[in-house]
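Here the structure comes first, spelled out in structure tokens, and everything after it is commentary.
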Amino acid sequence: MGDKQTHWELIMHFGFSLLYLLVLATGAALIELVARGMRWLGVSDFTYYALSGTAHLILLMDIALLVCVLYFSARKLLRGARHEG
């Protein structure tokens, strides 16, 4: 039962991590849409590029976190499989 529980915990941790990262990516997309909408309203270029840059930075951090989650989850899963065999 310990192995099944460990795998279930790993799957749940991975699922919640992906859900959290999806929320971050959605936030970045919304910030980009707000920036484009503000550009249409005629705000300064500085404001547009500041918001757009923030959205891109959030998305870049989101991708880096996704890579980390995938790496550490796979490493933990493989480590558990190695100890089973």
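The values are calculated or read from the model by the stated rules, or taken from the named source; none is laboratory data. The structure presented is a predicted model; accordingly, all values stated were derived computationally and were not measured. Positions of Cβ are backbone-derived with ideal geometry, glycine not excepted, and every protein chain shown enters the neighbour counts. To get the accessible areas, we keep the full protein, side chains included, count just its heavy atoms, and leave off ligands, DNA and RNA. Shrake-Rupley method; radii C 1.70, N 1.55, O 1.52, S 1.80 Å.
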Task: Two-site label geometry, V67 and E9: point separation in nm, points 7 Å out along Cα→Cβ - done: 2.9 nm
TODO: Can you pull the one-decimal nm distance between simple spin-label points at L33 and L60, each 7 Å off the Cα toward Cβ?
DONE: 2.4 nm
TODO: Over the chain, give the accessible area per residue in Å² for a 1.4 Å probe, as an integer.
DONE: 79 Å²
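State the extension gain, in nm to one decimal, for the chain segment bounded by W40 and L21, taking 0.36 nm per residue of separation less the distance between their alpha-carbons. List each step's numbers first, then the result.
Working: separation 19, 0.36 × 19 = 6.84 nm, distance 2.90 nm.
That pair, W40 and L21, stretches by 3.9 nm at full extension.
Which whole-number percentage describes the relative contact order of the chain, with Cα contacts under 8 Å and a sequence gap of 6 or more?
On the way: 40 pairs, mean separation 30.9, N = 85.
36 percent.
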Open item on the list: In whole percent, and with a 1.4 Å probe on the protein chains, what portion of the accessible area of the chain is carbon and sulfur?
Closed with: 73 percent
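Per DSSP H run of n ≥ 4, the term is -39500 (n - 2.57); total these for the chain, divide by its residue number, and report the mean residue ellipticity at 222 nm rounded to 500 deg cm²/dmol. Don't jump to the answer; show the numbers that get you there.
Values: 2 runs with 80 residues, N = 85.
The per-residue figure over the chain is -35000 deg cm²/dmol.
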